[in-house]
Amino acid sequence: ARAQIGVTGLAVMGSNIARNFARHGYTVALHNRSVAKTDALLAEHGGDGDFVRTETVEEFVAALEKPRRVLIMVKAGEATDAVIEELADAMEPGDIIIDGGNALYTDTIRREKAMAARGLNFVGAGISGGEEGALNGPAIMPGGPKESYESLGPLLESIAAQVDGTPCCTHIGPDGSGHFVKMVHNGIEYADMQLIGEAYNLFRDALGFDAKQIADVFTDWNSGDLESYLVEITAEVLNQVDAKTGKPLVDVIVDAAEQKGTGRWTVKSALDLGIPVTGIAEAVFARALSGSRAQRKAAQGLASGTLAEKPTDVAQFTEDIRQALYASKIVAYAQGFDQIAAGSAEYDWNLHPGDLATIWRGGCIIRARFLNRIKEAYEANPELPSLILAPYFREAIETAIDSWRRVVSTATLLGIPVPAFASSLSYYDALRAERLPAALTQGQRDFFGAHTYERIDAEGKYHTLWSGDRSEVQA
Ligand code: NBP
């Protein structure tokens, strides 16, 4: 037994992580259900470092130093359960099983409990960064028993992305917390992508820019506050020319977005926790609407109205879109961090939002200069009621607010959909409103269901005798 880590599941993600470990000097035991993938990895990249080839689970487990550390990188869901069972039967108390797939956090909570009962340490690790990150340094969000992190942490931290000498990996908290924060990370990623999409759409349909012109704008933005991986790849995608037609590639791609489910999970969880993640929800729904191809086809030619007036000051409107994107992005992150705080309270995880901002600065899909600001905001005040209230973000929104309103109102007049820009602005306006229409909602609820209401001038719950003499009684 000489391998420090084993990786089972050698499709693209598992292979790249195994290579990443090997490149960092670890001896890596390799296993895959079908041995062909193991052999393909060894044939193509065996020179990356020290690998131990194994065929059966027994051989695989026997190749590992104790306490054994096995990273599972198989398809999320039933396949993961099957692999965990097989491994658990072959492993011993004190060994560590890490699930690096995109597991639903409630599955991770269940699995951790079952493994703990067998004396095994189960770590649910969210891993972000896609194929490229897996090979060269992902962001890693491991949740599970704190003790297991002592033996596992150094390995994960060494293969993770590094920003200013700090690894993009830290122990997140107990059981499902790592997969939970990875889920919210993906939700924020959905919102970020939708906001960028809305900005692109405005350049195209409000200003008449072609793909190349829009690419240039995003390239420019990537050297300012918006500097991020997603803005960078947006310019790359928009600059790509289709070899077959000579047109911009983006103009020949079908405009129906797909999804694998983590955005939807984020919204479902937010609904259960009662946290308004409007930016993420709009992003998930926008993808769904784009995919309703038959319905969209049938709706071609519906009236758009006649109020359209295109912006004339191109430079000003370009800056307006940049500000609207930045402000909406602040809202989407604020909402995501609210959901993390609510999940932490619900499951008793004691999560530290500043830690997440720190490890998301590199490796992952939402990596951005912006994350440094979030890190600083939580360092200055770990109990921030909302990210929007941190002085830096408050000022950023104050600077952006007029632009934000111009963008949403112009888009509305032109009939250009901006669900995430508009809902983020409405969220902001609702959050800062002194009085919300919820008072009327409470009155209605009391009218039809005697659900009671509170008064602004007295303690307790009250009910109006709506079908009687309409006097008020204390409930
Ligand atoms: P896939 O999700 O495509 O899974 C393929 C792997 O699962 C193969 O190794 C396959 O073995 C194995 N497998 C399956 Br399918 N059923 C199995 C079973 N019943 N027993 C044992 N092995 C089984 O691979 P991937 O795209 O590399 O993703 C791996 C994990 O990482 C997934 O959970 C995915 O959601 C996650 N992921 C994360 C990111 C990211 O950015 N973090 C990106 C992509 C994926 P075989 O070769 O014998 O068929």
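Split the accessible area of the chain by element, probe 1.4 Å, and carbon with sulfur accounts for 52%.
Remark: the stretch 305-381 carries 40 Å² of accessible area per residue (probe radius 1.4 Å; ligands, DNA and RNA excluded). The modelled label-to-label distance for the pair Lys66/Arg445, using points 7 Å beyond Cα in the direction of Cβ, is 5.8 nm. With viscosity set to 1.306 mPa s at 10 °C, what whole-number translational diffusion coefficient in µm²/s follows for the stretch 90-156 from Stokes-Einstein and a Kirkwood radius over Cα pairs? Approximately 128 µm²/s, per Stokes-Einstein. Of Glu282, Glu434, Glu398, Glu189, the order by accessible heavy-atom surface (1.4 Å probe, DNA, RNA and ligands excluded), from most exposed downward, is Glu434, Glu398, Glu282, Glu189. Per-residue Karplus couplings for the stretch 49-61, computed as 6.51 cos²θ - 1.76 cosθ + 1.60 with θ equal to phi - 60°, are listed in order as x, 9, 10, 10, 7, 9, 10, 9, 4, 4, 4, 4, 5 Hz, Gly and Pro entered as x. Phi angles of the stretch 286-297 translate, via the Karplus equation with coefficients 6.51, -1.76, 1.60 and θ = phi - 60°, into HN-Hα couplings of 5, 5, 4, 5, 4, x, 7, 5, 5, 5, 5, 5 Hz per residue; Gly and Pro are given as x. Amide H to amide H distances under 5 Å link Arg367 with Tyr229, where only residues 5 or more positions off or on other chains count and H is placed in the peptide plane. Per-residue ellipticity at 222 nm computed for the chain from its helices equals -17500 deg cm²/dmol, with DSSP H segments shorter than 4 residues left out and the rest contributing -39,500 (n - 2.57). Under a 5 Å amide H cut-off, with hydrogens placed 1.01 Å from N, Val163 pairs with Cys168 among residues at least 5 apart or on other chains. Take Thr166: with every protein chain present and a 1.4 Å probe, its accessible area is about 50 Å². Overall shape of the stretch 52-193 was characterised from the C-alpha gyration tensor. The equivalent ellipsoid obtained from it has semi-axes of 24, 17, 15 Å, in decreasing order. Working from label points 7 Å from Cα in the Cα-to-Cβ sense, the Lys75 to Ser290 distance is 2.5 nm. Rolling a 1.4 angstrom probe over the protein heavy atoms with all chains in place gives the stretch 149-284 an accessible area of 42 Å² per residue.
Computed extension length for Ala315-His352: 9.3 nm, one decimal, from 0.36 nm per residue of separation with the Cα-Cα distance subtracted.
Of Val123, Val163, Val35, the order by accessible heavy-atom surface (1.4 Å probe, DNA, RNA and ligands excluded), from most exposed downward, is Val35, Val163, Val123. Computed over the stretch 197-248, the alpha-carbon pair-distance distribution with 5 angstrom bins reads 5, 22, 28, 24, 15, 4, 1, 0, each value a whole percent. The order of Lys244, Lys37 by accessible area, most exposed first and with a 1.4 Å probe, is Lys244, Lys37. Its Cα gyration tensor gives the stretch 300-423 an equivalent ellipsoid. The semi-axes, each the square root of 5 times an eigenvalue, are 34, 16, 13 Å from largest down. Heavy-atom accessible surface of the stretch 399-475, averaged per residue, reaches 65 Å², computed with a 1.4 Å probe. Of all DSSP beta bridges in the chain, what percent run antiparallel (nearest 5)? About 40 percent, rounded to the nearest 5. A simple rule links phi to the HN-Hα coupling: the Karplus curve 6.51 cos²θ - 1.76 cosθ + 1.60 with θ = phi - 60°, which for the stretch 387-397 gives 4, 4, 8, 5, x, 4, 6, 4, 5, 4, 6 Hz, with x for Gly and Pro. The charge dipole of the stretch 361-475, taken about its Cα centre with unit charges on the Cβ atoms of Lys, Arg (+1), Asp and Glu (-1) only, comes to about 640 debye. Measuring nothing but alpha carbons in the chain and taking Rh as the Kirkwood radius, the Rg to Rh ratio lands at 1.03.
Amide H contacts for Arg69 (H built 1.01 Å from N in the peptide plane; partners 5 or more residues away or on another chain; cut-off under 5 Å): Gly6, Ile96. Extending 7 Å from Cα along the Cβ direction at Arg455 and again at Lys247 yields two label points whose distance is 6.7 nm. May I ask which residue of Gly46, Gly100, Ala90 lies farthest towards the positive end of the charge dipole of the stretch 1-158, with charges of +1 (Lys, Arg) and -1 (Asp, Glu) on Cβ and the Cα centre as origin? My answer, from the dipole projection, is Gly100.
The values are calculated or read from the model by the stated rules, or taken from the named source; none is laboratory data. Just so you know, these numbers come straight off a predicted model, no measurement behind them. All Cβ positions, glycine included, derive from the backbone under ideal geometry; neighbour counts span all protein chains shown. In case anyone asks, the SASA skips ligands and DNA or RNA and just uses the protein heavy atoms, side chains included. Shrake-Rupley method; radii C 1.70, N 1.55, O 1.52, S 1.80 Å.
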